[in-house]
Each structure stands twice: as structure tokens, then as C-alpha cells.
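Since the structure comes first, as C-alpha cells, the remarks are kept for the end.
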Amino acid sequence: MSIFPPPSSTYPALPLPQLRTAANIHLRRTRKILLLLSLTIVSAFIFVALALYGYIAWTLGHPHADALQSNPMLAVGLPYENVSFSSKTGAAPLTGWYIPSAVASAKTIVFSHSYAGNREEPWMPMYKLTEELHNKKYNVLMFDYGYVSSQSKHAFTAGVKESQELLGAIAYSKQRGAKQIIVWGFSMGAGTALQAALQTTDISAMILDSTFVTTPDTMFHNVKKMINLPEAPSKWILRMLFPFVNGVGFDQIPYQKVLTTAYTAPIFFIHGKEDERSPYEIIQHLANNQKANAESELWLKPDAKHELVYDSDPQTYFQKTMDFLDKVRLNL
């Protein structure tokens with residue numbers, strides 16, 4: 001006889017249905033925990049991704065611009081006036097310098113500075129250019145766009161608000177007696193000039209250096225240089241977030257019209273073939289659109305990068321730009 005009692009007498013077995021029910025409860029609990037964990041991870045990933053893209057969109061709309069370092073009198077001995085004027089929309093005043101010609105003149109150059117620049121355009125010899133233009137009897141207007149100016153601070157809008165501010169600068173030049181107004185733009189400021197020229201006939205000619213036309217492709221091309229993001233869905237997300245963060249959407253930028261317009265005003269395009277921010281093929285396309293205007297031209301510098309055409313050949317830069325001004329000069 002066994003000295004051990006039967007198992008059933010000490011550990012009564014649970015009925016089979018009851019065992020299955022306990023196992024099912026445990027399985028369901030495990031599945032819920034895993035589902036909640038998965039949802040938490042996915043939600044955290046989406047939050048981090050949106051925060052990253054939102055920060056990129058905010059950064060694009062709020063570039064850092066250095067403070068002014070000098071002025072026309074200190075730099076090249078030219079008398080100037082501190083001036084202010086409104087955007088065409090009547091927004092808060094923009095500030096700038098007006099450098100009158102030594103003799104009465106109805107010809108004015110309006111400089112249109114680049115993204116993250118200011119009226120001094122740190123990458124260009126602005127004071128040397130101003131001095132040369134002064135000697136050629138041009139008035140010169142240098143001003144800061146609203147996303148740079150402390151008085152009218154707003155987010156950068158890829159030319160939407162900036163083109164209205166440039167139109168305000170043109171209107172101010174007319175108030176000062178200008179009958180020939182030439183816009184000289186750099187990078188994004190050149191793209192802004194093209195947007196403004198869609199809306200007015202007051203621009204007599206344009207010199208556009210390293211023109212940047214803001215499209216979803218060119219904007220993402222430059223974002224990718226800062227952080228290596230996949231094109232899909234990054235381009236779509238940035239396009240959706242930009243208006244929420246900065247107040248203006250890409251659908252408000254008339255880039256398609258810019259890319260297809262034959263402008264009445266003659267344009268001198270200056271561009272580097274090694275431009276890493278604005279592919280030269282876009283500028284070649286823009287220049288081809290202007291072939292009906294015999295005074296328009298393109299200088300495509302083979303070895304120059306973005307806004308560095310002047311650095312690659314200062315003498316030719318001065319010669320070509322001044323020759324263009326002589327070509328379009330009005331007898332005023």
C-alpha cells in the first residue's frame with residue numbers, strides 16, 4: 001500500500017472549462033497591455049516627429065539675422081537718411097537708408113536682401129556697390145524686410161508678405177521722385193522681386209543675383225542640407241505645418257506663375273553653376289522665358305556657388321552689372 005494519498009484527495013483538480021477561462025483572462029490582459037504599449041510608442045513617435053517638423057518649419061520662418069554693423073557714411077563716406085515706410089498692405093513701418101545721388105536724379109536702385117540677411121547683405125560688397133551707383137547718379141534705397149526689422153517683426157513668408165514690402169519700397173521711391181526704379185535682389189530677395197514684378201509695372205529693370213524661387217521642392221532641397229529627412233512624407237508634413245507655424249502656406253506663393261512668366265522689365269540673371277541652394281537649371285529656365293526681351297540676359301558662372309559669383313570674379317561682376325545698367329538707362 002502506498003504511503004502517499006491520491007493527488008485528488010489533497011489537490012482537487014479544477015474543472016477544464018474553469019482552467020480555460022483563467023487562461024483566456026490572462027491572454028486578454030496581456031493583449032491589452034501590449035496594445036496600450038504599442039499605442040503609447042506610436043503616439044510618442046508621432047509626437048516627437050511632429051515636434052521635429054514643427055521646429056523645422058518654425059526655424060525656416062524665423063531665421064537669425066545679424067545686427068547692422070555700419071552705415072553708408074562710416075563705410076564709404078556717403079550722406080544718407082534714416083527712412084521708414086509702410087508695406088503696400090499698410091503694415092507696421094519698415095526701416096532703411098536712402099542715399100540720394102549727389103545731383104538731382106529720377107533714377108533709383110532698390111536693394112532686396114537675401115534670407116537671413118539684412119540691408120547690409122553680409123555676403124556682398126553692398127557699400128562698394130552703393131558707392132559705384134552713387135557715382136553713376138543713382139539714388140539708392142537699402143531696407144530691411146519685416147521678418148528682420150524689430151518694428152514690424154513677422155515670420156518669413158517666402159515672398160508673400162515680403163513682395164508687398166518691396167512694393168512699399170518702390171512706392172516710397174516714387175514719392176521721392178523716381179521715374180526709373182531698378183530692383184537689385186539677392187537669393188530670396190531676388191525671388192521676392194520676381195513675385196513683386198507680377199503685381200506692378202513700376203519696376204523698370206531687375207538685377208537678380210543667385211535667384212531663389214521658393215517651391216516645395218527647392219525648400220525641401222535646402223531643409224535636407226540641414227537634416228537628412230526622407231522626402232516622403234517629410235515634404236507633405238512640412239507643407240501642412242508651415243502655414244500653422246508661420247501664417248502663410250505654400251499654396252499662397254505664386255511660384256508657378258513666376259516660373260512661366262515673360263516679364264516686361266528686362267532682367268539680368270547672375271547665377272553660379274555650382275549653386276548648392278538654388279539649382280542653376282531653374283534660373284536657366286527663367287532666363288529662357290525672357291528671350292523675347294532683347295535687354296534680358298544671363299551670366300552663368302561655371303565655378304561659383306550661391307551668392308559667391310562676385311567673390312569668384314569681382315572685376316567682371318562690377319563690369320557686367322554696370323554695363324547692364326547703362327543698357328537700360330533712361331534719359332531722365
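The values are calculated or read from the model by the stated rules, or taken from the named source; none is laboratory data. Because the structure is a prediction, the values reported are computed rather than measured. Note that we place each Cβ from the backbone using ideal geometry, even for glycine, and neighbour counts take in every protein chain shown. Side chains are part of the model used for accessible areas, which takes the heavy atoms of the whole protein and leaves out ligands, DNA and RNA. Shrake-Rupley method; radii C 1.70, N 1.55, O 1.52, S 1.80 Å.
Descriptive notes on the structure:
- Accessible area per residue in Å² at 1.4 Å probe, computed on the chain: 51 Å²
- Amide H contacts under 5 Å for Ser112, placed H, 5+ residues apart: Trp184, Gly185, Phe186
- Cut-off of 10 Å, at most 12 other beta carbons, DSSP loop: longest stretch of the chain lacking such trypsin sites (Lys or Arg not before Pro): 1-152
- Between the Cα long axis of helix 231-246 and the first principal axis of the chain there is an angle of about 70°, rounded to the nearest 10.
- Average projection area in nm² (convex hull over Cα atoms of segment 152-308, one quarter of hull surface): 10.0 nm²
- Largest to smallest in accessible area, the residues His271, His64 fall in the order His64, His271 (1.4 Å probe, all protein chains included).
- Whole-percent carbon and sulfur share, accessible surface of segment 166-273, 1.4 Å: 55 percent
- Top of Glu132, Glu120, Glu165 by mean-square fluctuation, Gaussian network on the chain, Cα under 10 Å: Glu132
- Relative contact order, percent, the chain [alpha-carbon distance under 8 Å, six or more residues apart]: 15 percent
- Three principal axis lengths of segment 257-332 [C-alpha, angstrom, descending]: 36, 32, 14
- Percent of Cα pairs exceeding the 18 Å cut-off, where the set is segment 140-192: 31 percent
- Residue-count net charge about Pro63 - beta-carbon cut-off 13 Å; Lys, Arg +1, Asp, Glu -1: -2
- Accessible surface for Ile283 stands near 0 Å², nearest 10, in the context of the full protein assembly shown (1.4 Å probe).
- Count Lys and Arg as plus one, Asp and Glu as minus one, and take only other residues whose Cβ is under 15 Å from that of Pro72; the net charge is then -4.
- Most mobile listed residue (Leu308, Leu208, Leu74) in the chain, GNM with C-alpha springs under 10 Å: Leu74
- Within the listed set Ile182, Ile270, Ile25, the residue fluctuating most in the Gaussian network model of the chain (springs between alpha-carbon atoms under 10 angstrom) is Ile25.
- Within-11-Å neighbourhood charge of Lys305 [Cβ basis; K, R +1; D, E -1]: -3
- If the convex hull is drawn through the Cα atoms of segment 178-269, its volume per residue in Å³: 110 Å³
- Within a straight-line Cα-Cα reach of under 26 Å, Lys273 can be paired with the following lysines, leaving aside sequence neighbours fewer than 8 residues apart in one chain: Lys128, Lys224, Lys225, Lys235, Lys257, Lys291, Lys301, Lys305, Lys320, Lys327.
- Each semi-axis of the equivalent ellipsoid for the chain is √(5λ) with λ an eigenvalue of the Cα gyration tensor; in descending order they amount to 63, 20, 17 Å.
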